[in-house]
Amino acid sequence: MCGIVGYVGNKKAIDVLISGLKNLEYRGYDSSGVALIDTNSIEIIKSVGKIKNLEDKLKDKNLDKFNIGLAHTRWATHGEASLVNAHPHTIGNIVIVHNGIIENAKELKNELINEGIEFNSETDTEVVAALINKYLENDIIKTISKVMNTIKGSYALGIMVKGINDKLYVAKKDSPLVIGIGEDENFFASDICAINMYTNKFVFLDDYDIAEISKNSVNYYSNGNKVDKKVDTIDIDLNSKSKNGYPHYMLKEINEEPTVLEKTLKPYLEDFSSIPDLTNYDEIHIVACGSAMYAGMIGKNLFEEKANIKSTCEVASEYRYKNNIYTNKTLVILISQSGETADTIAALKKAKELGQDTLAIVNVKTSTIARLADKVVFIEAGEEIAVATTKAYILQVAVISLLALKLAYNKKLIDNIDTYLEEFKTIPKLVKNVIDRENDYKKIAKEIKDNENVFFIGRRYDYAMCLEGSLKLKEVSYIHSEAYPSGELKHGTISLIDKGIPVFCILTDDELYEKSISNIVEVESRGAKTIIISKKSLKQNRKLEICVDDVSQFVIPLLVVPVLQLIAYHTAVDRGCDVDKPKNLAKSVTVE
Ligand code: F6R
């Protein structure tokens, strides 16, 4: 993963770099570092842990004279999160920051060691620095091109060359990289959010691009040849960064769900014809990672049950390496909040190479997936800062439900479309009612916070919601949690059910009500402490039960999952966890 940022201009580079790093911290926070250059000197400062630690280290240094620099925030891939593995890395005349993975680093490193090169760190990045240093000649573009022909894998590289104190160089393959164009200043970054407070003009680099960045110009090269690039003007709301009085972004973002649902759904509900029509397809492959994949599982159930179309839902890291069987009318739907998830991008590219139609459900409009997919349906989550997704997940579910509803309607499998559309209009209000019952969730959090194992059970749609509830709980509270289809538990896992172990049971599916109840009783008979999340018509009147409104299957997940998100949130707070930045995670998984 990792995030990189660079600056050339008249400002104090350190200020630009630190603010950039803070905005990139969602990409990893194992360590960070900066490198600054002027005519006489180079300063490299690194620190382990969050950007705050780097800032503390910078306090007693005067770096104001530097107007050029690059910086990095790391999510460790090669080598532990230590000072020695923190970027920037230096070999000879080269100082480098890197987002990505160099797949042939090991063999290249062995060759370089045999040639007498000494390495300090365990990183793959140092190998790139060593290669650039080895091939270094007056024509830096030629040097970088040669290195790009030698390395394999993914990279966004920021390069500083000792002795060249008015330019930075960048190179890209498979990891995102954007150039920011300013007045007498230019920038580069992994994401526009690192630099969009300084400029609204951006150039998105393509694979195999190199850029030479100085204060007054940026030169672009593709496969070694000089090229022109399109400049995009993108204005972004900079107010979204505030916590708005909430103690954590996660809570703020859950509370934004009614507003972002309204914003996303309204245009489609006012003009139903604007929802893409999928009647031309006879099969749907849904591909995504993590929560986005769980949102896809709700979609898969709806497509199959309501729109009678064969559907699969798979994790992108598996899909990209499988022999996927297509009919000549298969649609591949990719779901991604960031639009930068490496495996989802790879699955999209593969489907396109094989000639399949692709449709992406994406939040970030400027992202790689948004730019590559044939069709895009945007969700309007705004910026999601908490590492654990909440509002974006809800919108992904809302949009895929609308796609399934429209397909079912077009195939004449439902006739009372107006009733459904009216129900969709009530979603923001119903979700707000759910979110407002804060004390109920705090109570459940108190019940589970001292447990180290929790289970979630449900069938069909309820199982898909269990997967998301379980992921949310484990990632923010560090309680081990597993989600099972209710009927599957007794095929092994039920041996783990002991007295007092919490089991969340989701109960919203009328057709499978009796089956689900039997499974609930099975775990209770073995001493489990069940927590039921039901809808009103299936209410069980248990001590630990949350009931949501009776709505159709298209809408029910949008009421149940906020309950699970809030229970996960309050449990994590009670356990003193770093809710917005859970350990080992990064918001955007840009390596495979
Ligand atoms: C979990 C979470 C992740 C993401 C996954 C995909 O809370 O946020 O599981 O859903 O990494 O990310 P996107 O949607 O950006 O492709």
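Some points to look at:
- For the chain, taking Cα atoms only, Rg and Dmax work out to 25.3, 77 Å respectively.
- Cα gyration tensor shape for region 133-280, rounded if a/c is under 1.5, else prolate or oblate: prolate
- Ranking of S525, S401 by count of other Cβ atoms within 10 Å, fewest first: S525, S401
- Pairs from the list K22/K529; K152/K474; K152/K226; K300/K587 with a Cα-Cα gap above 30 Å: K22/K529; K152/K474.
- In this simple spin-label model, placing a label point 7 Å from the Cα along the Cα-to-Cβ direction at both K539 and K243 gives a separation of 3.6 nm.
- Here the Karplus curve 6.51 cos²θ - 1.76 cosθ + 1.60, taken at θ = phi - 60°, turns the phi angles of region 384-400 into couplings of 10, 9, 4, 4, 6, 6, 9, 5, 5, 4, 4, 6, 4, 5, 4, 6, 5 Hz, with x standing for Gly and Pro.
- To the nearest ten degrees, helix 257-270 and the longest principal axis of the Cα atoms of the chain are 80 degrees apart.
- Per-residue ³J(HN,Hα) for region 54-67, Karplus 6.51 cos²θ - 1.76 cosθ + 1.60, θ = phi - 60°, Hz, x for Gly and Pro: 5, 4, 4, 5, 7, 3, 8, 10, 9, 10, 4, 6, 7, 10
- For the chain, the longest principal axis of the C-alpha atoms and the axis of helix 140-150 are separated by about 50°.
- In degrees, nearest ten, helix 513-525 long axis to first principal axis of the chain (Cα): 80
- What the Kirkwood sum gives for region 243-436 is a hydrodynamic radius of 16.9 Å, with every pair of different alpha carbons counted.
- Shape call, region 35-76: gyration tensor on alpha carbons, a/c limit 1.5: oblate
- Around the amide H of S311, modelled in the peptide plane, lie the amide H atoms of I284, all under 5 Å away and 5 or more residues distant in sequence or on another chain.
- Too-long pairs where the Cα-Cα distance tops 29 Å, listed order kept, from K11/K46; K365/K449; K59/K472; K109/K230; K59/K109; K11/K134: K365/K449; K59/K472; K109/K230; K59/K109; K11/K134
- Inter-centroid distance (Cα atoms) of region 93-110 relative to region 1-56, Å: 20
- Three-way shape call for region 3-236 based on the alpha-carbon gyration tensor, with the a/c threshold at 1.5: rounded
- Mean residue ellipticity, 222 nm, helices only, the chain: the sum of -39500 (n - 2.57) across DSSP H runs of n ≥ 4, divided by residue count and rounded to 500, is -11000 deg cm²/dmol.
- Hits among aspartates and glutamates - C-alpha to C-alpha of K350 under 18 Å, sequence gap 8 or more where chains match: D174, D206, D207, E283, E314, E318, E340, D374, E592
- Amide H contacts under 5 Å for F456, placed H, 5+ residues apart: E482, A483, Y484, F504
- For region 437-582, the fraction of alpha-carbon pairs in successive 10 Å shells from zero, as %: 12, 47, 35, 6, 0
- Look at where the Cα atoms of region 193-251 and of region 486-523 average out, and the two centres are 49 Å apart.
- Separation of region 434-454 and region 354-382, taken as the distance between their Cα centroids, equals 35 angstrom.
- Percent of C-alpha pairs per 10 Å bin, region 1-93, short to long: 19, 53, 26, 2
Any read-out appearing in this document is the output of simple, stated calculations on the displayed coordinates, not a laboratory observation. Bear in mind the structure is a predicted one, so any value in this text is a computation, not a measurement. No Cβ is skipped: glycine too gets one built from the backbone with ideal geometry, and neighbour counts run over all protein chains shown.
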